[in-house]
Amino acid sequence: MSRIHDLRRTSTLALRQRKARLARSFALPADVLHASLLERFLKCGKKQCACHAQGPKHGPFFYLNRSFAKGQFQSLLLKSPDQIHQARQGVAAYGHLLEVLDEVCQINYELLRRGEPPGGPDV
C-alpha cells in the first residue's frame, strides 16, 4: 500500500536525486498484471454433497479478476500451481509499480508546492 511521505523538510536537491533514482529503477516488468487474485471455496452442484450442509466447501479455487468501466469484469480460473504463482508475481509487480509511481508523484507535488518545475533538471 502506498504511504504518504513527509517531504517538506527534504531539500530540493535531495528530492530531485530521489526522483532520478526512482526514474532509473522504473522498469515495466513483462509479467505485470492489473488484476485481483481471489481464493474461493465453493459449493458443488450435487445436492447430497456435504458442502451444501455444514461440511467443508470445495477448493481452494483461484481466480484472476480484472475490472473495466461500467461494472464490467473478466474472470479467469487459474488451473495450475504455475499459473497461480505467475498471477501472484504479476499482481505484486503491479503493486510495486504503483508505489514507485506514487512516490514520484508526491515528489512532483512537493516540487510544485515550492514553485519548482517538476520536470526540471534531473540530478
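The values are calculated or read from the model by the stated rules, or taken from the named source; none is laboratory data. For clarity, every value in this text was computed on a predicted model and none was experimentally measured. Cβ placement follows ideal geometry from the backbone for every residue including glycine, while neighbour counts extend to all protein chains displayed. Heavy atoms of the whole protein, side chains included, go into the accessibility calculation; ligands, DNA and RNA do not. Shrake-Rupley method; radii C 1.70, N 1.55, O 1.52, S 1.80 Å.
When residues in the range 97-123 are screened for being in a helix (DSSP H, G or I), farther than 14 Å from residue 33 by Cα and either open to solvent by 90 Å² or more (accessible area, probe 1.4 Å) or in contact (Cβ under 8 Å) with a residue 12 or more places away in the chain (or both), 14 of them pass.
Taking the stated definitions as given, is residue 6 out of contact with any helix residue (DSSP H, G or I) (no Cβ under 9 Å at 6 or more places or on another chain), closer than 30 Å to residue 116 by Cα and open to solvent by less than 70 Å² (accessible area, probe 1.4 Å)? For residue 6, the condition - out of contact with any helix residue (DSSP H, G or I) (no Cβ under 9 Å at 6 or more places or on another chain), closer than 30 Å to residue 116 by Cα and open to solvent by less than 70 Å² (accessible area, probe 1.4 Å) - is not met. Within the range 20-45, the residues that satisfy the criterion of being closer than 24 Å to residue 83 by Cβ and among the charged types (D, E, K, R) are 31, 39, 40, 43.
Within the range 76-96, the only residue that satisfies the criterion of being among the hydroxyl-bearing types (Ser, Thr, Tyr) and either surrounded by 13 or more Cβ atoms within 10 Å (Cβ to Cβ) or modelled with pLDDT under 95 (or both) is 94. In the range 36-51, the residues that are under 23 Å from residue 64 (Cβ atoms) form Cβ pairs under 6 Å with partners that are among the aromatic types (Phe, Trp, Tyr), at six or more places apart or across chains, as follows: 38/63; 39/62; 40/61.
In the range 60-96, which residue that is of a type outside the set (Ser, Thr, Tyr) and part of a loop (DSSP other than H, G, I, E, B) is nearest to residue 22 (Cα to Cα)? Within the range 60-96, the match that is nearest to residue 22 (Cα to Cα) is 68. Checked against the criteria, residue 9 does not count as basic (Lys, Arg) and in contact (Cβ under 8 Å) with a residue 40 or more places away in the chain. Close contacts from the range 57-72, counting a first residue that is open to solvent by 70 Å² or more (accessible area, probe 1.4 Å) and a second that is assigned to a loop (DSSP other than H, G, I, E, B) and not small (Gly, Ala, Ser), with Cβ to Cβ under 7 Å and a gap of 6+ residues or different chains, come to 57/43; 58/44; 66/34. Counting the residues of the range 1-57 that are outside any loop (DSSP other than H, G, I, E, B) and of a type in the set (Ser, Thr, Tyr) gives 3.
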